[in-house]
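Worksheet: the structure to be examined is printed underneath.
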């Protein structure tokens, strides 16, 4: 399954639009918050199913965390602000272990991250609008096939 992973789009449609051709090719899109309304826009532009949570800049009455399964992998999705991700992954790591997650997807820092620790993949796609510590806007295409996870960072 091909999954587009975006975060921290911050209602900047001119940058979101650059990701649309890639996201149209996906089977699922995941949005890790800021701004939740952008997930609706992306869905309307791609017609691809989307899983999305609200971030610290969102006021929508929607979930701020989701736990779901894709291709036998348990994915924990949140924005990350409630787990102090700007200061490291210790808190989100505890949550991941408590819910038996295989993959943790979050945003908030606007900094791309792709690391594996104790057999859990921690993935932050960076930001499509306001990147930090890197000089490019980014998102991720994650491909899960036969239990194997392949991550491709797309830089805009």
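Please treat every number below as a calculation from the coordinates, not as lab data. What you see is a predicted model, and the numbers here were worked out from it, not measured in a lab.
How big is D, in µm² s⁻¹, for the stretch 2-155 by Stokes-Einstein at 4 °C and 1.567 mPa s if Rh is the Kirkwood radius over C-alpha pairs?
86 µm²/s
Just checking the listed ones, 85, 140, 53: in the Gaussian network model of the chain with Cα springs under 10 Å, the one fluctuating most is 85. Centre-to-centre separation between the Cα atoms of the stretch 57-89 and those of the stretch 1-51: 16 Å. Just to be sure I understand the curve: with the Debye formula and one point per C-alpha of the stretch 39-84, what is log10 I(q)/I(0) at q = 0.15, 0.17, 0.20 Å⁻¹? Relative scattering, expressed as log10 I(q)/I(0), comes to -0.47, -0.59, -0.78.
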